[in-house]
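Asks: Okay, here's the structure, questions in a sec.
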Amino acid sequence: MRPVLGIETSCDDSSAAVVTEEGLLLSCVLAGQAEVHGPYGGVVPELASRAHLERLPSVVEGALAEAGTPLSAIGSVAVSSGPGLLGSLLVGLSYAKSLAWSLGIPVVGVNHIEAHLRSPWMEHPSLPYPALGLVVSGGHSHLFWCPGPDGPQLAAATRDDAAGEALDKVAKFLGLPYPGGPVIDRLSPRGNPRAFDLPLPRMSGGNGLDFSFSGLKTAALHRIREGGLVPAPAEDLDALPAWEYDLMASFQKRVVDHLLGRLKKAALRYRPASLVLAGGVACNRLLRERFKRLAEDLGLAAGLPSPRLCTDNAAMVAFRALDLLRKGPPAGYGLDATAVARWPGAR
Ligand code: KG4
Ligand code: ZN
């Protein structure tokens with residue numbers, strides 16, 4: 001099998017990567033859009049599609065050049081086909097299909113969440129299955145039971161906001177720059193995580209493993225209002241009032257408590273061989289540290305990608321395509337984008 005060119009445009013990152021048949025990452029180039037969406041405090045779908053259109057060609061050229069792989073040596077093109085923003089997905093998909101067609105090579109549609117879920121195996125190929133995989137990002141908070149590389153089953157999902165979305169919204173309320181998750185991560189060590197008493201989410205019904213972040217977010221906003229606190233202009237992030245650092249630390253702690261509380265409960269129920277964590281929120285230092293400790297306490301292997309492979313990237317898309325290519329020939333150039341995805345599961 002010749003190298004796979006991966007393309008990712010499902011949200012607001014344009015990325016391309018080259019991965020060998022053995023799963024070795026030769027290059028991964030990424031063009032983010034924080035400066036495009038920052039002024040709006042969140043992703044504006046129309047602007048995201050346009051930015052992908054403008055940036056994708058040079059991102060692909062950059063990935064091929066960095067890998068030292070000419071286009072003629074590429075054996076297939078892998079692309080995120082969903083879930084995600086439909087307009088953004090279509091830019092990557094149209095590009096990938098035309099490129100593959102013009103080269104006479106297959107195009108492989110990859111489920112974006114399954115690519116996140118598989119990403120820890122890029123750096124930890126011997127991580128044992130079955131695994132419990134938590135994918136946490138700005139758009140998803142999903143927990144999967146993975147008997148093997150294929151056929152993940154949904155064990156839990158968020159009932160409202162995704163974990164990253166909740167972090168970004170609280171950051172926005174404090175007037176912090178977008179995206180707020182990394183800012184909260186950086187500034188939280190200055191605050192007292194016990195200063196604000198925020199309740200752990202509790203929900204009834206279901207299998208007891210689902211997530212919910214909107215109550216926690218509302219509680220944080222209530223505490224601010226009840227205390228008559230007014231966020232300072234975020235001109236100097238290093239000189240904010242102490243209560244803002246306290247709130248960031250308290251909120252971040254509760255998000256991590258909730259995610260890992262559910263993961264522990266699921267681990268005791270499913271008895272996996274390893275725990276894996278992926279998605280943009282998996283860059284969070286507190287979450288990473290406590291995730292590793294949890295796996296160690298439970299005597300399980302821990303699969304945690306390096307931060308650059310946690311956020312949206314094309315390396316995971318190309319890597320996931322290797323599984324699909326090994327199973328048989330891909331569907332063909334009629335491939336379409338899907339905004340939502342569903343999995344079988346015990347929810
Ligand atoms: O996976 P990703 O790049 O894109 C989506 O598919 O959403 O994840 C982006 C999300 C954003 O909500 C961002 O705030 C969050 O991941 N994020 C973080 C950190 N880095 C990115 N959240 C907390 N701590 C971080 N260090
Ligand atoms: Zn993602």
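The values are calculated or read from the model by the stated rules, or taken from the named source; none is laboratory data. Computed from a prediction, not measured in an experiment: that's the story for all the values here. With ideal geometry, Cβ positions are generated from the backbone for all residues, glycine too; neighbour counts draw on all protein chains shown. Only protein heavy atoms, including side chains, enter the accessible area calculation; ligands, DNA and RNA are left aside. Shrake-Rupley method; radii C 1.70, N 1.55, O 1.52, S 1.80 Å.
Asks: Name every residue in region 100-133 that is under 30 Å from Val44 (Cβ atoms), in contact with a Ser or Thr (Cβ under 8 Å, 6 or more places away or on another chain) and either open to solvent by 40 Å² or more (accessible area, probe 1.4 Å) or within 16 Å of ligand 2 (Cβ to nearest atom) (or both), in order of residue number.
Replies: Of everything in region 100-133, those that are under 30 Å from Val44 (Cβ atoms), in contact with a Ser or Thr (Cβ under 8 Å, 6 or more places away or on another chain) and either open to solvent by 40 Å² or more (accessible area, probe 1.4 Å) or within 16 Å of ligand 2 (Cβ to nearest atom) (or both) turn out to be Gly109, Val110, Asn111, His112, Ala115, His116.
Asks: Filter region 172-186 for residues that are of a type in the set (A, V, I, L, M, F, W, C) and under 18 Å from the mean Cα position of the chain (by Cα); which is farthest from ligand 1 (Cβ to nearest atom)?
Replies: We begin by selecting, within region 172-186, every residue of a type in the set (A, V, I, L, M, F, W, C); these are 173-174, 176, 183-184.
From what is left, the residues that are under 18 Å from the mean Cα position of the chain (by Cα) are 183-184.
Numbers: Val183: 8, Ile184: 6 Å.
It comes out as Val183.
Asks: Mind listing whichever residues of region 100-127 are out of contact with any Leu (no Cβ under 8 Å at 6 or more places or on another chain) and over 30 Å from Trp145 (Cβ atoms)?
Replies: Ala100, Trp101, Ser102, Gly104, Ile105, listed by residue number.
Asks: Name the single residue that is farthest from Gly345 (Cα to Cα) among those in region 124-143 being under 14 Å from the mean Cα position of the chain (by Cα) and not in a loop (DSSP other than H, G, I, E, B). Give the steps one after another, and end with the answer.
Replies: Step one: list which residues in region 124-143 are under 14 Å from the mean Cα position of the chain (by Cα), which gives 133-143.
In the following step, the residues that additionally are not in a loop (DSSP other than H, G, I, E, B) were identified as 133-136, 141-143.
Details: Gly133: 13, Leu134: 14, Val135: 15, Val136: 18, Ser141: 15, His142: 11, Leu143: 10 Å.
In this case the residue turns out to be Val136.
Asks: Please state which one of Asp168, Asp161 is within 16 Å of ligand 2 (Cβ to nearest atom), touching a Pro at 6+ places or on another chain (Cβ under 8 Å) and under 23 Å from Tyr245 (Cβ atoms).
Replies: On the way: Asp161 fails: touching a Pro at 6+ places or on another chain (Cβ under 8 Å).
Within the list Asp168, Asp161, the selection yields Asp168.
Asks: Mind checking which residues of region 277-303 are farther than 12 Å from Ala131 by Cβ, open to solvent by 20 Å² or more (accessible area, probe 1.4 Å) and not in a helix (DSSP H, G or I)?
Replies: Gly299
Asks: Going by the structure shown, is Pro272 buried (at least 21 other Cβ atoms within 10 Å of the Cβ) and within 16 Å of ligand 1 (Cβ to nearest atom)? Full working, then the answer.
Replies: Details: buried (at least 21 other Cβ atoms within 10 Å of the Cβ): yes; within 16 Å of ligand 1 (Cβ to nearest atom): no.
Answer is no for this residue.
Asks: Counting just the residues of region 29-55 that are open to solvent by 30 Å² or more (accessible area, probe 1.4 Å) and either of a type in the set (S, T, N, Q) or within 16 Å of ligand 2 (Cβ to nearest atom) (or both), which one comes out farthest from His112 (Cα to Cα)?
Replies: Ala34
Asks: Residue check: is Gly303 more than 16 Å from ligand 2 (Cβ to nearest atom), touching a residue at least 60 places away in the same chain (Cβ under 8 Å) and under 18 Å from the mean Cα position of the chain (by Cα)? Spell out how you get there, then give the answer.
Replies: Values: more than 16 Å from ligand 2 (Cβ to nearest atom): yes; touching a residue at least 60 places away in the same chain (Cβ under 8 Å): yes; under 18 Å from the mean Cα position of the chain (by Cα): yes.
When the stated conditions are applied, Gly303 passes them.
Asks: Right, here's the next one. Listed residues Pro125, Pro147; which is over 21 Å from Ser27 (Cβ atoms) and of a type outside the set (Val, Ile, Thr)?
Replies: Pro147
Asks: Where residues in region 320-331 are in contact (Cβ under 8 Å) with a residue 24 or more places away in the chain and in a loop (DSSP other than H, G, I, E, B), which of them is surrounded by the fewest Cβ atoms within 10 Å (Cβ to Cβ)?
Replies: Of all residues in region 320-331, those in contact (Cβ under 8 Å) with a residue 24 or more places away in the chain come to 320-325, 327, 329-331.
Still in the running and in a loop (DSSP other than H, G, I, E, B): 329-331.
Numbers: Pro329: 9, Pro330: 19, Ala331: 14.
So the residue we want is Pro329.
Asks: Let me ask something else. Among the residues of region 17-28, is there at least one that is within 16 Å of ligand 1 (Cβ to nearest atom) and closer than 18 Å to Ala318 by Cβ?
Replies: Filtering region 17-28 for residues within 16 Å of ligand 1 (Cβ to nearest atom) gives 17, 28.
Next cut, closer than 18 Å to Ala318 by Cβ only: 17, 28.
Yes - at least one qualifying residue is present in region 17-28.
Asks: Name the single residue, out of those in region 136-151 being of a type outside the set (A, V, I, L, M, F, W, C) and within 15 Å of ligand 1 (Cβ to nearest atom), that is surrounded by the most Cβ atoms within 10 Å (Cβ to Cβ). Steps first, answer last, please.
Replies: Of the residues in region 136-151, the ones of a type outside the set (A, V, I, L, M, F, W, C) are 137-142, 147-151.
Still in the list and also within 15 Å of ligand 1 (Cβ to nearest atom): 137-142.
Details: Ser137: 25, Gly138: 25, Gly139: 21, His140: 22, Ser141: 30, His142: 26.
Filtering region 136-151 for residues that are of a type outside the set (A, V, I, L, M, F, W, C) and within 15 Å of ligand 1 (Cβ to nearest atom), the one surrounded by the most Cβ atoms within 10 Å (Cβ to Cβ) comes out as Ser141.
Asks: Could you figure out which of (1) within 22 Å of Met1 (Cα to Cα); (2) of a type outside the set (Ser, Thr, Tyr); (3) open to solvent by 10 Å² or more (accessible area, probe 1.4 Å); (4) away from ligand 1 (no atom under 16 Å from the Cβ) isn't true of Leu154?
Replies: The failed condition is (1).
Asks: What are the pairs with Cβ atoms under 9 angstrom where one residue, in region 29-44, is within 14 Å of Gly87 (Cβ to Cβ) and the other, located anywhere, is of a type in the set (S, T, N, Q) and not in a helix (DSSP H, G or I)? Sequence gap at least six, or different chains.
Replies: Gln33/Ser14; Val43/Gln33
Asks: Now a separate question. Is region 183-195 home to any residue that is open to solvent by 10 Å² or more (accessible area, probe 1.4 Å) and either within 16 Å of ligand 2 (Cβ to nearest atom) or modelled with pLDDT under 95 (or both)? Full working, then the answer.
Replies: First, pick out the residues of region 183-195 that are open to solvent by 10 Å² or more (accessible area, probe 1.4 Å): 183, 185-186, 189-195.
Remaining after also requiring either within 16 Å of ligand 2 (Cβ to nearest atom) or modelled with pLDDT under 95 (or both): none.
No, there is no match, as no residue in region 183-195 is open to solvent by 10 Å² or more (accessible area, probe 1.4 Å) and either within 16 Å of ligand 2 (Cβ to nearest atom) or modelled with pLDDT under 95 (or both).
Asks: Could you say which residue among Ala234, Ala220 is open to solvent by less than 60 Å² (accessible area, probe 1.4 Å) and in contact with a helix residue (DSSP H, G or I) (Cβ under 8 Å, 6 or more places away or on another chain)? First the steps, then the outcome.
Replies: Working: Ala234 fails: in contact with a helix residue (DSSP H, G or I) (Cβ under 8 Å, 6 or more places away or on another chain).
Result of the check over Ala234, Ala220: Ala220.
Asks: Taking Ser14 as meeting all but one of (1) at pLDDT 95 or above; (2) away from ligand 2 (no atom under 14 Å from the Cβ), write down the number of the exception.
Replies: Here Ser14 clears every test but (2).
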